[in-house]
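K.L.:
Sharing a structure with you now.
Any read-out appearing in this document is the output of simple, stated calculations on the displayed coordinates, not a laboratory observation. Everything numeric in this text was worked out from a predicted model, so none of it was measured. Glycine also receives a Cβ, built like all others from the backbone with ideal geometry; neighbour counts cover every protein chain displayed.
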Amino acid sequence: MILIGTDNGIYRWFEGAAWPVFHSLQNRSIVDLASPGPGVLVALDRAGHVLESVNNGQDWRTIPLAEGAGSPTALAAWGDSPFILLGTRTQGLARRLVGAPIPVHHDPNAPVQGFAPAWIGRARSLAAGATGLLAPKRGAVRTDPAIAKLAGWTRLGVPSPGKSKQHGVIRALALGAGTSPIWYAAVRGAGLWRSTDLGASWNQCPGLPVDVFAIRTVPERPGSVYVATSDGCWFSNDAGQTWEDRSGGLEQTRYLSTIEVKPGAPDVLLAGAAPRGPHDFASGPFDGLAFSLYESKDGGKAWSLVRRGNPDVFENDMIADLRHDPAAPDNVVLALTSGELWVTPNAGAFWMPLSRQIRAARKLCPVA
């Protein structure tokens, strides 16, 4: 199943369905969405509310933000004991256990409530002794645990402590595979950052373009990471320490809005690509855009335009997201910012329109 975050709540699509079905959170504009485990959903809406459900969206609760957390811009959720990782506008990251209790009356001098797993205690101990939130550019950025004051949030480090108001705006988050996973954060205007200590400190990945829009790690190959950037597709096989430009065939369309890796076949990739991005146009956010769907079957070394029922070019629109259905990986959904959805039920042999009636599809979330 694939959940679809839109300007009118969450929809769902599953194998064999003729069109998406409304799921929950009607009239909320969803900008990010994650499902870390069976029945567990976490959403971020345009108003900056973080919402969680532990019964597949039947009931939701709004999670108060940590004091001083800033405006939320991205989220992710992972783990056997699921946790939320929240990225903000200029104030770094915060982490919270899904389902942690929310104190009714909060004493700012009281200890943080609701942390049971040992790894959370480890993460807090990693931060102990930190004296500040900022450090020189490209250096490790330490965290101050004393700032975590509300609703079970733990304040983490701040990637990219730049002077610009745009620097520090976290636009995407991802977790690497393996027993000691690397955390990744894409920061507007400051590239990709990685953490090896559960978010306590961050270092900038070298050699990448300054604008990274999507991050895909590869469960079958720990250490493998793909990123979609304003200047092509880039790949790392050493958990982000070094990077290789893998944009063969994308010479005229190097602006990638998103990228997807097929589960079980990590050399099979899809990407939304265009000659230029939205910031290059003054007339409107999508006027003049020309996005196309590309595929690679060799890990991004060579890309080709997909022309199998779908338009060669999506005019005045943008490919917002691409996702495989984890239960049936040959099923792929493509979402456009206009709300138009396309689907392939046969690994890309042909594509067909799924819906043109949804308001602004922004985020796809695969659900096992």
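K.L.:
Exactly which chymotrypsin sites (Phe, Trp or Tyr not before Pro) in segment 266-368 are in a DSSP loop and have at most 15 other Cβ atoms within 10 Å? Could the numbers behind the result be given before it?
P.N.:
Values: sites: F281, F286, F291, Y294, W303, F314, W342, F350, W351; in loops: F281, F286, W303, F350, W351.
Those that pass, being in a loop and sparsely packed, are F281, F350.
K.L.:
For N237 and V21 in the same chain, what is the full-extension length gain: residue separation times 0.36 nm, less their Cα-Cα distance, in nm?
P.N.:
Working: separation 216, 0.36 × 216 = 77.76 nm, distance 3.84 nm.
Result for the pair: 73.9 nm of gain on full extension.
K.L.:
If the cut-off is 19 Å between C-alpha atoms, which aspartates and glutamates fall inside it for K262, apart from same-chain ones fewer than 8 positions away?
P.N.:
Here the aspartates and glutamates satisfying the reach criterion relative to K262 are E15, E220, E295, D298, D321, D325, D330.
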